[in-house]
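The values are calculated or read from the model by the stated rules, or taken from the named source; none is laboratory data. Predicted model only: the values in this text are computed from it and were never measured. Heads up, the Cβs are rebuilt from the backbone with ideal geometry, glycines too, and the neighbour counts pull from every protein chain shown. With ligands, DNA and RNA removed, areas are computed over all heavy atoms of the protein, side chains included. Shrake-Rupley method; radii C 1.70, N 1.55, O 1.52, S 1.80 Å.
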Amino acid sequence: MSMQAGQYRGKSGLYLFAEQIAYALLGIAVGCAAGAVGGIFGVGVEKCAAFGAAHFSLYVWFLPIVGVLTVAMLRTFGKGVPTGMGALFAASHGEGAGFPIRNALFQFAGSWAAHLFCASVGREGAGVQIGASIGYGIGKHIRMHDADKILLVAGMAAGFSALFGTPVGALFFALEVTVVGGIRLRALVAALFASFTAYFTAKLCGMTHTLYTVPFELSMDVSMFLRIFVFGAFCGIAGLVFCVVRKYADKFFSFSCKNAYVRAAAAGLLLAGLLFLSGGRYSGLGTNLIAESFGGNVFAFDWIVKLLFTTVFLSVGFLGGEVTTLFAAGTCLGVTVGPLLGLDAHIAAALGYAAVFGAATNTLLSPVFLGVEMFGGSSLPFMAIACLAAYLFNFDRSVYNQKRRETVSESIERHLFAQRKRLLPLPKRLY
């Protein structure tokens, strides 16, 4: 039987140590399963995206049909089944009806179709949900306290790691993103082993991960610190803009067109036309924009246009994710803003790659480690400054529906000053 929380807290240190050994082994199992499935998913996304890009002028016009079929799939086979990142976060806290394995099938079909027909979406949301559904499916059969929730978080880390090849960044993403302002340390061991196991397993399945060489030959002084901090603040505001637009786009499209099928068809046709006029520059994952950023061939508006395309696609019912498009937007923003602050364009692109992602997902440690894994250890102090500034200047927003943990100061304020309004227009974390 599963133990109650009070009984769990009363167990001896030896018991808790043995439990963590068990979670390490379970994390390896989750990592193997999620890494294999995530690797196959990632390879499929890359092949679909490449094939679609090769036939862009024809395939892009099938987007209305893809949108309608995606809505039909979720409504027909997903009726009563919790789907999406919101349901995933609810399941990680023991709320809702869990996160069944059927979600993985939806993500495979919907995401592969979206990329085959040139939609401007990412892959992280799908990969994380695939890993989470596998972790939850294993955990609900384990007779240990909170095993389903802990292995769901481990599956999130595994899914992210399998796709992006950044196991440490994936580890902290899963631990941070489910609780704003905190880290789920109870899932640390399982998520650690799951993340690294998934990384190696995905490589065995043929998944390739792109790393970039950017020499961070910078000397740290007051001027450099301030310039990178200001740049990080720009990235934070960019992440804030994406979060706000994403939130209100959902409401706008739901209000303007009540019928989900008509909404997906009409928006799909409009988006297909706009993508066609752009020559496919903003279709797919956005890896083309990342490559062009490091080659110096971007426009000042590329970052916001890419984010707007992704926002609309996801708001009208297409499946995929945001993170890869956030990487693309961050690198484009870096090339545009960095030189204005006296930063090397390539270094600013690398910093933007991580900082915009951190701002939009409201995470701090994950983008720092992800940036170091992508661009090398010499980037660590500069990544830390940029990502901290971005974290502060996203004003506590997130593209995900995260559960925020109340801080000690907020608890005191709530009890002592419940009836008083704040006098300063600052985010809570800056008080």
Leu63 at pLDDT 95 or above and touching a Leu at 6+ places or on another chain (Cβ under 9 Å): yes
Residues of segment 90-116 that turn out to be touching a residue at least 60 places away in the same chain (Cβ under 8 Å) and either over 20 Å from Arg75 (Cβ atoms) or touching a strand residue (DSSP E or B) at 6+ places or on another chain (Cβ under 8 Å) (or both), as a count: 5
Test set (1) buried (at least 17 other Cβ atoms within 10 Å of the Cβ); (2) closer than 17 Å to Pro367 by Cβ - Leu188 fails condition number: (2)
Near pairs, Cβ below 6 angstrom, 6+ apart or cross-chain, from segment 52-72 (closer than 14 Å to Leu277 by Cα) to any residue that is among the aliphatic types (A, V, I, L, M) and part of a helix (DSSP H, G or I): Val60/Ala272; Val60/Leu275; Trp61/Ala272
Test for Gly96: is it over 30 Å from Phe276 (Cα atoms), in a loop (DSSP other than H, G, I, E, B) and at pLDDT below 95: yes
Members of segment 325-356 that are open to solvent by less than 20 Å² (accessible area, probe 1.4 Å), farther than 15 Å from Tyr212 by Cα and of a type in the set (S, T, N, Q): Thr325
Number of positions in segment 202-241 that are assigned to a helix (DSSP H, G or I) and either in contact with a Lys or Arg (Cβ under 9 Å, 6 or more places away or on another chain) or surrounded by fewer than 24 Cβ atoms within 10 Å (Cβ to Cβ) (or both): 15
Pair list, Cβ < 8 Å and 6+ apart or interchain, from segment 250-264 residues that are within 19 Å of Val66 (Cα to Cα) to residues that are part of a helix (DSSP H, G or I) and open to solvent by 80 Å² or more (accessible area, probe 1.4 Å): Ala260/Arg75
Conditions (1) free of Cβ contacts under 8 Å to residues at least 60 places away in the same chain; (2) farther than 19 Å from Ile237 by Cβ; (3) surrounded by fewer than 24 Cβ atoms within 10 Å (Cβ to Cβ); (4) not hydroxyl-bearing (Ser, Thr, Tyr); number of the one not met by Ile290: (1)
